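*Asks:* Structure below; questions to follow.
The values are calculated or read from the model by the stated rules, or taken from the named source; none is laboratory data. If you're wondering where the values come from, they're calculated on a predicted model, not measured in any experiment. Glycine gets a Cβ as well: all are built from the backbone with ideal geometry, and neighbour counts include every protein chain shown. The area values use the complete protein model at the heavy-atom level, side chains included, leaving out ligands, DNA and RNA. Shrake-Rupley method; radii C 1.70, N 1.55, O 1.52, S 1.80 Å.
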Amino acid sequence: MTQRVDLATVMDRLAVDDVITGYAVAVDDGDWAAYRALFAPYGRADYRSAGGIEGPAGEVAEWLAGTMTLFPVRQHLIVNRRVLLERVDGAPGDRSEVRADFVNPMRLEAPAAGAEPAPGSTAPNFVAAGRYTFVLARTADGWRIGRVTVHEKWRHLPQ
């Protein structure tokens, strides 16, 4: 590998990592415009393993916007990122796959004024964990998500 190819690979890995971090921040902050902007025009998201929907990123963003109101405080920790960059004749290609584990603690919406909290509820009220699979493509606007699939492995709910 030449230094030029090595540098391009490092730059691509950093750019892909920025997209994955941007994804977590957009969901946690409820910034659905930023969420949509991370996807290629044909981008799709699949949350079925977590009880959600699958579809075009715009439709999924609308669903998330409604669903996430149940969890006013949320934090995605995306770790153990394995970035696989496509290679074409020894040079960086235009496709990447990322497999990354996640832990996602969320606080359920607080009870209405004057209402008692649910018996035994503690914070965080809900924790989900599993693995994401992201497929990204290099576009004219930079790296974008073509597909994200959530593989939820476990969850913990208040008792």
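*Asks:* So, for the chain, what is the accessible surface per residue at a probe of 1.4 Å, expressed in square angstrom?
*Replies:* On a per-residue basis, 57 Å².
*Asks:* Where Lys and Arg each count +1 and Asp and Glu each count -1, what net charge lies around residue 148 among other residues with Cβ under 9 Å from its Cβ?
*Replies:* Spelling it out: positives minus negatives among the neighbours equals +1.
*Asks:* Shape verdict for the chain, please, from the Cα gyration tensor: rounded (a/c under 1.5), prolate (a/b greater than b/c) or oblate.
*Replies:* prolate
*Asks:* Testing the spin-label approximation: label points 7 Å from Cα along Cα→Cβ at residue 95 and residue 42. State their distance in nm.
*Replies:* 1.0
*Asks:* Also, quick follow-up: Amide H to amide H, which residues 5 or more places from residue 87 or on other chains are under 5 Å from it, using H placed in the peptide plane?
*Replies:* Those qualifying (amide H under 5 Å, at least 5 residues apart or on another chain) are 93.
*Asks:* Shifting gears a bit: Explain nothing, just compute: Karplus ³J(HN,Hα) = 6.51 cos²θ - 1.76 cosθ + 1.60, θ = phi - 60°, for every residue of the stretch 34-46 in order, whole Hz, x for Gly and Pro.
*Replies:* Going residue by residue, I get 5, 4, 4, 5, 6, 9, 5, x, 8, x, 9, 9, 10 Hz, with x marking Gly and Pro.
*Asks:* Scan around residue 125 for amide H atoms under 5 Å from its own, H built in the peptide plane at 1.01 Å from N, and keep only partners 5 or more places away or cross-chain.
*Replies:* 106, 107, 108
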